[in-house]
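Following: one structure in structure tokens, then a few remarks.
The values are calculated or read from the model by the stated rules, or taken from the named source; none is laboratory data. From a predicted model like this one, the values you see are computed outputs, not experimental measurements. Glycine also receives a Cβ, built like all others from the backbone with ideal geometry; neighbour counts cover every protein chain displayed.
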Amino acid sequence: MANNFPKISVALVTYNRANYLPKALESVLSQTFSNFEVILVNNGSTDNTAELCESYAKKDRRIKFINIPKNRGASIGRNIAIDESSCEYITIVDDDDYCKEEMLEHLFNLATEYNADISMCGSYNDFGDRLEPYFIFDELLILDKAKGLDELLKREKYNVAPPTKLFKKNLFHNIRFPEGVLVDDIHVIYKVFSNADTVVAQGTPLYYFRKHDGNMTGFIQSNKLFPSLLDEYISMYKERTKYLSKKVPEITDRARYSEWSYMISMCDKIIRYQCDGCEKQYAYMIKTLRESYEEIWNMPFTTEKEKEFLKKIKFVEP
């Protein structure tokens with residue numbers, strides 16, 4: 001009987017996704033690895049998403065359906081899903097995406113074979129008429145805590161997006177998705193990685209991020225910057241540098257560089273795309289970059305393109 005106990009909790013929070021949810025759920029329920037539970041949280045939908053959830057829960061007893069009467073943000077649903085999960089491992093998928101049928105098996109095998117706290121696969125961005133590779137690579141990465149965080153901050157092999165990742169649930173102990181933010185995972189996943197002793201990544205593309213006008217984070221990947229988004233990211237980067245420098249000192253230089261590199265890229269974007277209303281944030285970032293000019297310049301991570309930008313803003317008023 002013990003062998004039949006679910007080993008993976010799949011957390012799926014949904015809100016007004018009646019057009020996308022069936023494909024997301026079907027892709028999970030058809031996994032070759034069947035020893036899992038689905039924590040399906042309807043986050044106060046106003047369309048017929050709740051009815052869809054109920055229908056699927058009646059057909060498949062692996063689904064635990066939780067209905068939240070009123071939407072209070074995605075973070076509420078994610079925290080509830082994690083609290084209600086009962087397995088050693090947990091993965092968090094989005095309600096408008098889908099995955100290949102072997103994804104859970106692939107992630108579970110990686111985690112158990114290499115005794116990893118986090119395992120990861122690659123993915124595609126699905127634009128409807130084309131697929132765009134997203135963190136796809138051939139090599140197998142087996143990384144300790146510092147190197148795992150280093151790769152997370154570099155964002156070359158993987159990023160903070162929870163889908164494509166299988167976590168040991170205990171990594172989330174005392175960590176909550178914050179309420180009232182625009183993008184919740186940027187505040188959380190680096191803390192989860194800082195609790196992991198070993199992470200393993202193999203960039204086999206097994207997850208599909210569907211890109212459409214209703215994406216919650218579509219604005220992040222566009223050139224449309226606005227003050228509240230910049231404020232949130234600037235604050236997060238500052239907090240992340242402080243948090244990681246204290247908890248994983250070996251990663252301090254990478255964390256500090258990552259914060260400055262973000263400011264350089266955002267300042268450049270504000271200039272190139274003439275983002276109105278961001279003058280205050282631009283002035284703050286330029287001031288910060290000038291104050292740390294020499295240190296940024298001499299860091300081994302700083303690119304030639306970034307140095308060119310630094311030279312341009314060294315003496316020019318914002």
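Picking from Lys58, Lys64, which residue would you name as being touching a residue at least 24 places away in the same chain (Cβ under 8 Å) and either over 19 Å from the mean Cα position of the chain (by Cα) or not in a helix (DSSP H, G or I) (or both)? First the steps, then the outcome.
Values: Lys58 fails: touching a residue at least 24 places away in the same chain (Cβ under 8 Å).
The match here is Lys64.
Looking at segment 267-279, I want the residues that are modelled with pLDDT under 95 and have a partner that is among the acidic types (Asp, Glu) and not in a helix (DSSP H, G or I) with Cβ atoms under 7 Å, at least 6 apart or on another chain. Which pairs are those?
Listed by first residue and then by second, the contacts come to nothing, as the list is empty.
Among the residues of segment 121-129, is any assigned to a loop (DSSP other than H, G, I, E, B), of a type in the set (Asp, Glu) and loosely packed, with under 15 Cβ neighbours inside 10 Å? Walk me through how you get there before you give the answer.
Let us first name the residues in segment 121-129 that are assigned to a loop (DSSP other than H, G, I, E, B), namely 127-129.
Then keep just the ones that are of a type in the set (Asp, Glu); that gives 129.
Right, trim to loosely packed, with under 15 Cβ neighbours inside 10 Å and you get 129.
The answer is yes; a qualifying residue exists.
Which numbered condition trips up Ile80, out of (1) crowded, with 20+ Cβ neighbours inside 10 Å; (2) closer than 23 Å to Phe5 by Cα?
Failing condition for Ile80: (1).
Residue check, Ala18 against (1) aliphatic (A, V, I, L, M); (2) free of Cβ contacts under 8 Å to residues at least 24 places away in the same chain; (3) assigned to a loop (DSSP other than H, G, I, E, B), all met but one. Which one?
Answer for Ala18: the failing condition is (2).
Where residues in segment 252-286 are among the charged types (D, E, K, R) and surrounded by 13 or more Cβ atoms within 10 Å (Cβ to Cβ), which of them is nearest to Lys224 (Cα to Cα)?
Taking segment 252-286 and keeping what is among the charged types (D, E, K, R), we get 253-254, 256, 259, 268-269, 272, 276, 279-280.
Going one step further and asking which of them are surrounded by 13 or more Cβ atoms within 10 Å (Cβ to Cβ), we end up with 253-254, 256, 259, 268-269.
Values: Asp253: 29, Arg254: 27, Arg256: 25, Glu259: 20, Asp268: 13, Lys269: 9 Å.
For segment 252-286, the residue satisfying everything is Lys269.
Residue pairs, Cβ under 7 Å, 6 or more apart or interchain, first in segment 31-49 and closer than 19 Å to Glu101 by Cβ, second at pLDDT below 95 and buried (at least 16 other Cβ atoms within 10 Å of the Cβ). List them.
Correct list of pairs: Asn35/Pro6; Phe36/Pro6; Glu37/Pro6.
Can you tell me how many residues within segment 83-102 are surrounded by 17 or more Cβ atoms within 10 Å (Cβ to Cβ) and touching an Asp or Glu at 6+ places or on another chain (Cβ under 7 Å)?
Qualifying residue count for the region: 1.
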